[in-house]
Amino acid sequence: MTDTLLTDGASDEVPPTTRADWQSDQEVRWCPGCGDYSILTALQLLMPELGARREKTVFVSGIGCAARFPYYMNTYGMHSIHGRAPAIATGLALARPDLDVWVVGGDGDMLSIGGNHLIHALRRNIDINILLFNNQIYGLTKGQFSPTSEKGKITKSSPVGSCATPFNPVSVALGAEASFVARTHDMDRHHMQEMFRRSYEHPGTSMVEVYQNCNVFNDGAFETITKKAVRDDMLIPLRHGEPIRFGSEGQFGVARHDGGVELVEVADVGVEGLLVHDETRPDPSTAFALSRLAESPDRPTPIGVFRAVDRGEYAGAMNAQVDEARAARGKGDLHALLHSLPTWTV
Amino acid sequence: MTETSLEPLVTEVDRVIIRFAGDSGDGMQLTGDRFTTASALFGNDLATLPEYPAEIRAPAGTLAGVSSFQVHISDHDILTPGDAPHVLVAMNPAALKSQLDSVLDGGTIIANADTFEERNLAKAGYAHNPLEGDDLAAYRVVQVPMTSLTKEACKDLGVKPRDAERSKNFFALGLLSWMYSRPLEPTIEWIEAKFAGRDLVIAANKAAFSAGHAYGETAELADHRVIVQPAELPSGTYTNISGNTALAWGLVAAGHLSGLRVFLGSYPITPASDILHELSKRKEFDIATFQAEDEIAAVGSALGAAYGGHLGVTTTSGPGVALKAETIGLAVSLELPLVIVNVQRGGPSTGLPTKTEAADLLMALYGRHGESPLPVLAARTPADCFDQAIEASRIAIEHRTPVMLLTDGYLANSSEPWLLPDVDDLEPIPVEFASGFNQVDEDGNEVFWPYLRDEKLARPWAIPGTPDLMHRIGGLEKEDGSGSVSYDSDNHAHMVGIRAERIARIPVPDVEVTGDPDGDLVVVGWGSTWGAIAGAVRRVCGMGHSVAHVHLTHLNPLPANMGEVLRGFEKVLVPEMNLGQLVRLLRDEYLVDARPVSKVSGQPFTAGELQQIILGELGGEDR
Ligand code: SF4
């Protein structure tokens, strides 16, 4: 039955859509000024450009402010339970490789309660696109420290400062064998769209970390790097095949150092001394070193695609095993199965 | 117990219970399994009870390391693996020590005499050799130096003595095959197929098997030979099936009958893993198996696949169900088909992973937060696992609901002859995916309402990929009909009611009353206690008493005639492998004075135990 849907070829041509086609009739209910609005807009504007089909698109989310996202997209959607969106999306994407499956969640959802599912999704490399809205706080539960909150963070549940070292989501993803990892922020629609497009096009699990401002509980967490005035000096754009260089005058860069990388002044090392970004490098150590350049978002921070390698998608491999079994043994015969152990007749 | 003792000299008996016991490295499960298959092919009715330690390699030679396999074979229809074994095969002192208490007085003990030496005796806690002296005077003891005879049989094959020793279980199997007149060919063919490519192993196992057989013939065991004639069973083709295999095949059948791909999301756990293993081998049936990172992801992936239009299934044991509870609650809210299989084991916590218990009934019924009802079924025999896997899938698909199917460690691993159904007689499972708009909004536009219900109160199964039907679902309360998020209090009350009613309305077959319905006493059971209860009721009725038996497969909703049936009896006895769970349900639902009979030793009830309890309840006098 699903076979007919999988090969549904009523028309191969995707009808053109507009932003309005991707907007659901639900009133958007984030706090006024929340960074989530600009992410939603960026994606709703991008979908027509991607040539995606609404009926073939599914947004799956867990719990949290970000997890409201599916309600606002006029696609299929499931607002599930806390942390489990990658697991549910995994089953859906395995069952239905014809669909575009997106997962949206926040730092608490994806890195705390759902951390196990996130790393295993990345490891397996099923074709799902994970958007991790990182606001370094618990918003929906009204302001407790999250797994990405900085050490010493004062919140309702850590009145004298949190004692925990935060996760760096890009480092976590790279450590989990992710085949695609990118970072962007909610103040730059164009950059977000570029990252979302790359995520959509990537065969396998892709994760995009979006620095997202929670103006109610953690306002300005990223403004030291994302404010227009400082952006050029504080964000390090990663562009494949180009030397990694930033600063209002292009005066800074990144060079190799002692097995890792370091910030340099171009005047000191020359353009030839800069590291040329290669997102396809099979070994993730350079990407990991780049992810460690800024311990917290108050120092120059790389954005862009850290890693994009093609290493075989899981659902295709799993479904190929079914096809191979059918090719080798024929379509299963239930009668033969029931008689496959020793039988006797009375 | 109440067994009539087996007269050792009799050459033809109507039934025999044999227990193979040895160290967990001795291959006792395999030996028992081969003996069972040979007996099945010979035409006996049979039932088995495997037991093994939770540790993969418990210290060799110790009581903790003993693995056993009991098989009951008969020339008539039997219901359980039997009460007390007539014959114990003890491969070492620990096996003898740990199993002796259960052996029938006057029974036979066949001991591997080679292992009864100082070190092994000490490990088993024997101060002296029980084979010498009067310790075993109540039994008929046959001492056979199995290890040395096996080595002797293999010595010209070029097999190293240590490797040859490992074939000693085949010696035991050969000996028992002679004693019980089992056909040899199936075992020889099996050895050749199983160890194909390992010629020395084949040679050693065959040599040991033949030596065991020859030993019976030539040594002074002639008076031990026994025949159990084939049973008169309904005609048809049979196979010997375990509960886990039957359950896996039932899921295959459900996929076949519904035309849906089966998606199994599972995480390894004893005693359920064999279902995952079996289905992983059956990909040609359009079965996808996914070994998830944990129990939660296992059920989550199955639910995701169900949302995508597949038959989503997750298999686990009690601890896994605890972890899955939140996702099952989500499935209740989403109203999507999902099959959850709980192969129950002893609890709480890790409990007794390899031993049986049936203490998860209340968890199945109520173990989620909020009012989250779902249908619950329980299989009663290994073969019944096949039927109930189909039934659970049918209810899930037709009513768009998660369904819990309960089996237990005993059903999972024990086996029985199964009269194979004709595949063409299995009823198809109709599947209906939503394909178009189902409502008109106030502006006159056609729209899709994901929570608009059919006559069964089920909502449409609208799978992603279907044009026009884009909609959002989730764990937040939904407005009935439109499916929009709703915090409205009246709507919530309405939805809680609808979710309860749509499960309560699922049609389930009436219960049957077996045994003697004219007496005052009815024994009510559920799940794997069926064989022991039916056996006990059969015996007491045979003694002239009037006792009835009612066995529940559907635990939610309960059969419509249940209350009326119960009210027809003065006494209601409810044996369960827990401290009394169904009994609470019956008292609660029907206000009857149902009384619990509990067993929580990790062992199934025997018919003998229940027979005593029933007789006690009747006033004890044997008529
Ligand atoms: S609490 Fe923060 S993250 Fe949540 S909606 Fe409000 S501003 Fe956005």
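Could you tell me whether the stretch A:161-175 includes any residue that is open to solvent by 10 Å² or more (accessible area, probe 1.4 Å), within 16 Å of the ligand (Cβ to nearest atom), of a type in the set (Val, Ile, Thr) and assigned to a loop (DSSP other than H, G, I, E, B)? Scanning the stretch A:161-175 turns up no residue that is open to solvent by 10 Å² or more (accessible area, probe 1.4 Å), within 16 Å of the ligand (Cβ to nearest atom), of a type in the set (Val, Ile, Thr) and assigned to a loop (DSSP other than H, G, I, E, B).
Per the listing B:Ala359, B:Ala364, the residue uniquely touching a residue at least 12 places away in the same chain (Cβ under 8 Å) and farther than 27 Å from B:Glu398 by Cβ is B:Ala359. Residue count for the stretch B:548-582 satisfying the condition of being open to solvent by 10 Å² or more (accessible area, probe 1.4 Å) and free of Cβ contacts under 8 Å to residues at least 24 places away in the same chain: 1. Here B:Thr62 clears all of (1) polar (S, T, N, Q); (2) open to solvent by 10 Å² or more (accessible area, probe 1.4 Å); (3) within 23 Å of the chain's Cα centre (by Cα); (4) modelled with pLDDT of 90 or more except the condition numbered (3). Going by the structure shown, is B:Val524 open to solvent by less than 10 Å² (accessible area, probe 1.4 Å), over 20 Å from B:Leu336 (Cβ atoms) and in contact with a helix residue (DSSP H, G or I) (Cβ under 7 Å, 6 or more places away or on another chain)? Yes: the conditions hold for B:Val524. Only a single item in (1) within 12 Å of another protein chain (Cβ to nearest Cβ); (2) in contact (Cβ under 8 Å) with a residue 24 or more places away in the chain is not met by A:Ser112, and it is number (1). Which ones in the stretch A:66-92 are more than 16 Å from the chain's Cα centre (by Cα) and either within 7 Å of another protein chain (Cβ to nearest Cβ) or more than 15 Å from A:Asp25 (Cβ to Cβ) (or both)? If the condition is that a residue be more than 16 Å from the chain's Cα centre (by Cα) and either within 7 Å of another protein chain (Cβ to nearest Cβ) or more than 15 Å from A:Asp25 (Cβ to Cβ) (or both), then A:Tyr71, A:Asn74, A:Thr75, A:Tyr76, A:Gly77, A:Met78, A:His79, A:Ser80, A:Ile81, A:His82, A:Gly91, A:Leu92 are the ones that fit. Looking at the stretch A:115-161, which of the residues that are touching a residue at least 24 places away in the same chain (Cβ under 8 Å) and among the basic types (Lys, Arg) is nearest to A:Gly316 (Cα to Cα)? Across the stretch A:115-161, the extreme among qualifying residues is A:Arg124. Consider B:Ser482 carefully, then state whether it is within 14 Å of chain A (Cβ to nearest Cβ), surrounded by fewer than 21 Cβ atoms within 10 Å (Cβ to Cβ) and in contact with a Lys or Arg (Cβ under 8 Å, 6 or more places away or on another chain). Answer is no for this residue.
Do we find that B:Val522 is part of a strand (DSSP E or B) and away from chain A (no Cβ under 14 Å) in this structure? Spelling it out, B:Val522 is indeed part of a strand (DSSP E or B) and away from chain A (no Cβ under 14 Å).
Quick check on B:Leu260: is it over 21 Å from the mean Cα position of the chain (by Cα), within 14 Å of another protein chain (Cβ to nearest Cβ) and open to solvent by less than 10 Å² (accessible area, probe 1.4 Å)? Full working, then the answer.
Details: over 21 Å from the mean Cα position of the chain (by Cα): yes; within 14 Å of another protein chain (Cβ to nearest Cβ): yes; open to solvent by less than 10 Å² (accessible area, probe 1.4 Å): yes.
Yes: the conditions hold for B:Leu260.
Given the structure, is B:Thr187 in the same structural domain as B:Phe42 (by TED's automatic domain parsing) and closer than 30 Å to B:Pro421 by Cα? In short, yes. For the structure I just gave you, tell me whether B:Arg499 is among the basic types (Lys, Arg), touching a helix residue (DSSP H, G or I) at 6+ places or on another chain (Cβ under 6 Å) and open to solvent by 20 Å² or more (accessible area, probe 1.4 Å). Criteria not met by B:Arg499. Taking the stretch B:211-257 as the range and being among the aromatic types (Phe, Trp, Tyr) and either open to solvent by 30 Å² or more (accessible area, probe 1.4 Å) or closer than 15 Å to B:Ile390 by Cβ (or both) as the test, the residues that pass are B:Tyr215, B:Trp249. Residues in the stretch A:29-61 that are under 20 Å from B:Val447 (Cβ atoms) and not charged (D, E, K, R) were compared, and the one that is nearest to the ligand (Cβ to nearest atom) is A:Phe59. From the list A:Glu209, A:Glu201, the one residue that fits, being of a type in the set (Asp, Glu) and within 16 Å of the ligand (Cβ to nearest atom), is A:Glu209. Among the residues of the stretch B:277-295, are any within 24 Å of the chain's Cα centre (by Cα), more than 11 Å from chain A (Cβ to nearest Cβ), on the phi < 0 side of the Ramachandran plot and open to solvent by 10 Å² or more (accessible area, probe 1.4 Å)? Within the stretch B:277-295 (the criterion being within 24 Å of the chain's Cα centre (by Cα), more than 11 Å from chain A (Cβ to nearest Cβ), on the phi < 0 side of the Ramachandran plot and open to solvent by 10 Å² or more (accessible area, probe 1.4 Å)), the answer is yes, since at least one residue qualifies. I need the full set of residues from the stretch B:408-442 which are outside any strand (DSSP E or B), more than 9 Å from chain A (Cβ to nearest Cβ) and touching a Gly at 6+ places or on another chain (Cβ under 9 Å), in order please. Listed by number, the residues that qualify are B:Gly409, B:Tyr410, B:Leu411, B:Ala412, B:Asn413, B:Ser414, B:Pro428, B:Ile429.
Here B:Gly265, B:Gly255, B:Gly212 are screened, and the one residue that is part of a helix (DSSP H, G or I) and within 14 Å of chain A (Cβ to nearest Cβ) is B:Gly255.
For the stretch A:144-156, a residue qualifies if it is within 15 Å of the ligand (Cβ to nearest atom) and either surrounded by fewer than 17 Cβ atoms within 10 Å (Cβ to Cβ) or under 23 Å from A:Lys56 (Cα atoms) (or both), and exactly one does: A:Lys156.
Scanning the stretch B:564-586 for residues that are closer than 17 Å to B:Val511 by Cα and not in a strand (DSSP E or B) returns B:Glu564, B:Val565, B:Leu566, B:Arg567, B:Gly568, B:Phe569, B:Leu582, B:Val583, B:Leu585, B:Leu586. Figure legend. Inter-residue proximity from the stretch A:18-38: first residues at pLDDT 95 or above and part of a helix (DSSP H, G or I), second residues of a type in the set (S, T, N, Q) and within 15 Å of the ligand (Cβ to nearest atom), beta-carbon distance below 8 Å, spacing 6+ or different chains. Indicated pairs: A:Gly35/A:Asn135; A:Gly35/A:Gln212; A:Gly35/A:Asn213; A:Gly35/A:Asn215; A:Asp36/A:Gln212.
The values are calculated or read from the model by the stated rules, or taken from the named source; none is laboratory data. Because the structure is a prediction, the values reported are computed rather than measured. Every residue, glycine among them, receives a Cβ derived from its backbone with ideal geometry; neighbour counts consider all protein chains shown. These area figures cover heavy atoms from the full protein model, side chains too; ligands, DNA and RNA do not enter into them. Shrake-Rupley method; radii C 1.70, N 1.55, O 1.52, S 1.80 Å.
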